Amino acid sequence: MEERAALLARVSAGHGTEIKDPATGEVIGRVAFGTPGDVAAAVDTAAKAQPGWAALDDQERCAALMRAADAIDAHAEELAYVVSREQGKTMNGLGARYEAAGCAAWVRATASTPLPVEVLVDDGQSRAELHYRPIGVVGAITPWNWPMIIACWQIAPALRMGNTVVQKPSEYTTLTGLAIAAVLNEALPPGVLTAVTGAGDVGDALVRDPRVGKVMFTGSVKTGMKVIEASAGNMPRLTLELGGNDAAIVLPDVDPQAIAEGLFWGAFINNGQTCAAMKRLYVPDAIYDEVVDALAALAAKIPMGVGLDEGNVLGPLQNQMQWNVVNRLVEDAKVRGARVVMGGDPDAAAPGYFYPKTLIADIDNAAPLVQEEQFGPALPIIRYTDLEQAVEWANGVDVGLGASVWSADRDTALAIAARLQAGTVWINSHGGIDPRVPFGGAKRSGYGLEFGVEGLKAVSVPQVISG
Ligand code: ADP
């Protein structure tokens, strides 16, 4: 066995469902999936461990998180190997090693963010302070696109604030979820972080458990709505990071060659399987052909293939369901007469869930490839002549996670940004995130913020001390 496969072997069960590499179909391990009945025991463990963990002072919890980040670094190559084999992403590029390094960076940043007591009033007559107290047990429900780092985004702030966590990884990337939990647990006291496995019914049981005081959920809009409904019984607090359909608006004053790389990776990071990836590109008539040509020339050079092959920077889609979505939307675009600049011709007989890098030009804004979240490597490029129309189109969907404006003139870009209905608007880039900067959605992309001091506040109960 390869040395870096040790962690995968450690979290793989001796029996249960076979888990297959999405690039090759090869069996990489097994998972003995849990059931809703397993949730209560996991929450018991977390609830018992919580008072002791909360009784530590903030510095001690931060020190434990710093050790957990060191453990991630020590196992970085093994973690990257697990996520590459189970999720499909490439070891290189913005792939598996990048995700593992991001996990360590995020955990450290979470443990380094100051959260001082806020003195609200101190006028000699009265005094009011705002403190942030632990909630109790936090349920962390994660998706399959960035299965390690999203788990860290949910787990690390929750732990920092004195909560304990029950994590439920996606059924599509369970081994990765178990791997990151195992590594974090090398540095954490027993019971502070527990993982349960299973599908949506297990997630549902976690949301409904009366001892869970907060649910961190990252997933689809549809499932987010179910989480809201399931939460009505016990009213756990919710942070919902749901889907997006991010628009990018290019203004006529840009140099197409200079922005091509930023546009490409904004859209194709992780093969488009990223919540805040660029999913619709609006380009003015005046430079439309130049932008499309520059993107196509760049895309042609990007190697796609099996994730473990060091030469590749894009891999397969993670699962058949997502492959079907992308294929359906692209086929529909073709029928509508949109122009296939590149790709759009998957080899269905080849092994793995590979879908080629696809650029679709001269597509109608009403096409499903524009209106729905494709979550894959197929970018629609919509031509516009009137900027007002482009802004209207950008805002014309019911989600609003991210958006971007591309212009040589910052003031013009800022004026457009202010009108876009999105939780983050990037200028001359798309999708970059930072552990110091809060991240969250507008409209049906969810509510609540992650990262930074806002992210810490979101996993705690504000308490006013008055007098
Ligand atoms: P995607 O379609 O991107 O996989 P989902 O929203 O279906 O996104 O899944 C995200 C996470 O939510 C997964 O861990 C999944 O098992 C979990 N999940 C699915 N259905 C429910 C539900 N009804 N309640 C709680 N969690 C759920």
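Observations on the model:
- Residue, farthest from Leu317 (Cα to Cα), within the range 161-182, restricted to residues that are open to solvent by 10 Å² or more (accessible area, probe 1.4 Å) and more than 12 Å from the ligand (Cβ to nearest atom): Met161
- Answer from Thr218, Thr223 - the residue that is more than 15 Å from Ala42 (Cα to Cα), open to solvent by 50 Å² or more (accessible area, probe 1.4 Å), near the ligand (Cβ under 8 Å from one of its atoms) and of a type outside the set (A, V, I, L, M, F, W, C): Thr223
- Summed over the range 242-278, the residues that are of a type in the set (S, T, N, Q) and outside any loop (DSSP other than H, G, I, E, B) give a count of 3.
- For Gly200, the criteria (1) on the phi > 0 side of the Ramachandran plot; (2) near the ligand (Cβ under 6 Å from one of its atoms) hold in every case but one, which is (1).
- Residue, nearest to Gln50 (Cα to Cα), within the range 133-152, restricted to residues that are of a type in the set (A, V, I, L, M, F, W, C) and open to solvent by 10 Å² or more (accessible area, probe 1.4 Å): Ile135
- Per the listing Tyr98, Tyr132, the residue uniquely more than 16 Å from the ligand (Cβ to nearest atom), among the aromatic types (Phe, Trp, Tyr), at pLDDT 95 or above and closer than 19 Å to Ala74 by Cβ is Tyr98.
- Every residue from the range 233-268 that is of a type in the set (Val, Ile, Thr) and either more than 16 Å from the ligand (Cβ to nearest atom) or touching a Pro at 6+ places or on another chain (Cβ under 8 Å) (or both): Ile249, Val250, Val254, Ile259
- Breaking point among (1) within 23 Å of Tyr447 (Cα to Cα); (2) open to solvent by 20 Å² or more (accessible area, probe 1.4 Å), for Ala394: (2)
- Any hit, the range 120-129, residues being within 30 Å of Pro303 (Cβ to Cβ), in contact (Cβ under 8 Å) with a residue 12 or more places away in the chain and in the same structural domain as Ala158 (by TED's automatic domain parsing): no
The values are calculated or read from the model by the stated rules, or taken from the named source; none is laboratory data. Just so it is clear, the model here is predicted, and its values are computed rather than measured. For neighbour counting, all protein chains shown are included, and Cβ atoms are generated from backbone atoms with ideal geometry for every residue, glycine included. Accessible surface areas use protein heavy atoms only, side chains included; no ligands, DNA or RNA. Shrake-Rupley method; radii C 1.70, N 1.55, O 1.52, S 1.80 Å.
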